[in-house]
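None of the figures in this text is laboratory data; all of them are computed from the coordinates on show. Keep in mind that what you see is a predicted model, and the values were worked out from it rather than measured. Quick reminder, even Gly has a Cβ in these numbers, built from the backbone with ideal geometry, and neighbours come from all protein chains shown.
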Amino acid sequence: MDDASPDVVVPMDVVRSMSERTDVKPRYNTVMLVGIAANEIYRNRQGRDLIAPLENNALYTDRNCVVPRGIELLSNSGMHGLYTVKMRWAEKYNLPLAKLGQIWQFNDVDGAWKGVITSVSVAVEWDNEAPTVWQTLGVDRYLDV
């Protein structure tokens, strides 16, 4: 995630509200997926010492379908910050409607961080006697680095 280019950069002064919770799971850097053949999927630039439980499925027939599943299992392991962020949806202020899977960077006072958009909801509410379109984002920030 550190090397990924963000799709959108958000200054914190445009964020109306933000809440956070932490999701902690065992961290893995290797997983073995077994179907017709065994496939080991692992994180680059790390050891292969934190091994996830073996996963066996008859549908693991081709490496092209196994690799994304291995990436998903490894990505979901470890510590994640799960954020709910409410902000305007205003193209004129460079605040586009978020799309699932995008990487957004939040320029917090403690430093910039990136997360993946996991949910988006839109609502129209009155703000200072004017209708305002708000988007509420679910953001997954990987904290195990």
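Quick notes on this structure:
- Angle in degrees between helix 63-75 and the longest Cα principal axis of the chain, rounded to the nearest 10: 60
- Charge dipole (the chain, unit charges on Cβ, about Cα centre) - positive-most of Trp104, Ala37, Val67: Ala37
- Relative contact order %, segment 26-75, counting alpha carbon pairs below 8 Å whose residues are six or more apart: 45
- Pairs of Cα atoms nearer than 8 Å and 6+ residues apart set the relative contact order; for the chain it is 28 percent.
- Centre separation in Å (Cα based) which lies between segment 64-125 and segment 1-22: 7
- Since only Gln46, Ala58, Tyr28 are under comparison, the one whose Cα sits farthest along the positive direction of the charge dipole of segment 26-75, derived from C-beta charges on Lys, Arg, Asp and Glu, is Gln46.
- Once the Cβ-Cβ distance of Ile71 and Ala130 is raised to the sixth power relative to R0 = 41 Å, the FRET efficiency obtained is 0.40.
- The helix-only estimate of mean residue ellipticity at 222 nm for the chain, built from DSSP H runs of length n ≥ 4 each weighted as -39500 (n - 2.57), is -3000 deg cm²/dmol after division by the residue total.
- Of the trypsin sites (Lys or Arg not before Pro) found in segment 1-39, the ones in coil according to DSSP and having at most 16 other Cβ atoms within 10 Å of their Cβ are Arg27.
- Extending 7 Å from Cα along the Cβ direction at Glu40 and again at Arg88 yields two label points whose distance is 5.4 nm.
- Legend: ranking of residues Asp2, Asp140, Asp7, Asp62 from fewest to most surrounding C-beta atoms inside 10 Å; resulting order Asp2, Asp62, Asp7, Asp140.
- Net dipole in debye of the chain [+1 Lys, Arg Cβ; -1 Asp, Glu Cβ; about Cα centre; nearest 20]: 300
- Segment Val120-Arg21, extension gain: residue separation times 0.36 nm, minus the distance between their alpha carbons: 33.9 nm
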